[in-house]
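Working notes, beginning with the structure itself.
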Amino acid sequence: MNKISVIIPAYNAEKTIEKCLESVYAAIHTVKLSDNSKECEVIVVDDCSTDNTVEIIKDSPSKVIRFDKHLGVSTARNTGAKQCSGGIILFLDSDVIFIEDGLKELNESFEKYPDTDVIQGVYTKDTTFQNPSALSRNYYKYYQTSKITGDYISGINSCCFAIKKKVFESVKGFDPAWERVEDVELGWRLVKNGYKILLNKRLQVKHNKYYSFIGLLKADFKKVYAKMKLLLSTYFQRDASRKGEKQAQAKITFSLNKMKDMLAEFSSVFLSGLIIMEIIGLAISRNFFFYYLIPVSAAIFILLNLNFLILIKRDKGLMVTIKCLFVYYFEMLIAQFAILKAIYDYSLKRYYKKGFFRV
């Protein structure tokens, strides 16, 4: 078995890190290693937590690296990678629960596909928390990956992925400049340099994170805004020689799959704003035209996401599905606001550089 270094960045993770570590050591036990210290190591990088995270992790057999100040998740992962001794690095978020046979599955995948450089894991469709916001978020993540039919993909998700250490070092790790989308940006560089990313749907983690409705919308706004900034700053660079890279970046930024598979999501983002405009139009004008237009737009929105909603209904029932639909609609609406703000901010920055707003 290849030596695997499990690296977990942690920041104020007192509610989740214990279960995460328990699941990792359960996976180590499952592979029945003769000497864990030689075959697998676990490194937790504490990013200057202000809660009880350090108190929890210090009692585990993990190697603990502590920062004196908050440096961000990218620096935490990079630091762990520099100090690890395994030929394969498995990155896990601190709010996931690793499957029991995860390490065994990971090693078998690298043996079966020796030319593979990165193996991407997936979220399970269920989650520790059963409120509509958490269910909507996790079921949609599961639904996105379930649509992917090929073995190889063009992006990564930092929740659970393994990479050969020499490959990680060759692309110089995560870029701390791209907070919230550091995994997206790293995926772009991996693909650009010709590395292969294998999607293994049997390599799973359970999301152990609670989302309130407002908390989810805030997280969505920040994530989409950061993705859009990454897309704009890359795609509209003037250097013509980077045209191919820019096109690749545009695809990777929004999906682990092909852009055509994201049509429903893009259309949903557009429709979410359109429905609001139609409601405002009805309130202002009292025009009966809007009485017909609003339900038509809503019906199209539901049809675009029907397979996703059916997936939830099969497991959780109709009432939970309706609640998740409500949450998902507002996620798409928030995404539209984030996209528009990113475009506005980027345009303002470009025009300022050109001197349009200088006195």
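Taken together, the values in this text are just the output of simple stated rules run on the coordinates, not laboratory data. Owing to the predicted nature of the structure, the values given are computational and were not obtained by experimental measurement. Note: ideal-geometry Cβ built from the backbone for every residue, glycine included; neighbour counts use all protein chains shown.
Structure notes:
- Residues whose amide H comes within less than 5 Å of that of residue 123, counting only those at least five positions distant or on another chain, are 205 (H built at 1.01 Å from N in the peptide plane).
- Applying a threshold of 22 Å to the alpha-carbon distances of 206/313; 165/227; 69/165 flags 165/227; 69/165 as lying beyond it.
- Largest-first ellipsoid semi-axes for the chain, taking √(5λ) over the Cα gyration tensor eigenvalues, angstrom: 37, 25, 20
- The range 4-213 - Debye-derived log10 I(q)/I(0), Cα point model, q = 0.08, 0.09 Å⁻¹: -0.25, -0.32
- Placing a pseudo-label 7 Å from each Cα along the Cα-to-Cβ vector at residue 51 and residue 26 gives an inter-label distance of 2.1 nm.
- Tilt relative to the chain, helix 102-112 - C-alpha long axis, 0 to 90 degrees, to 10: 90
- Karplus-derived 3J(HN,Hα), 6.51/-1.76/1.60, for each residue of the range 280-294, Hz, glycine and proline x: 5, x, 5, 5, 7, 9, 6, 6, 5, 4, 6, 4, 8, 5, 4
- Extension gain for residue 283-residue 326 works out to 13.4 nm (0.36 nm per residue, less the C-alpha to C-alpha distance).
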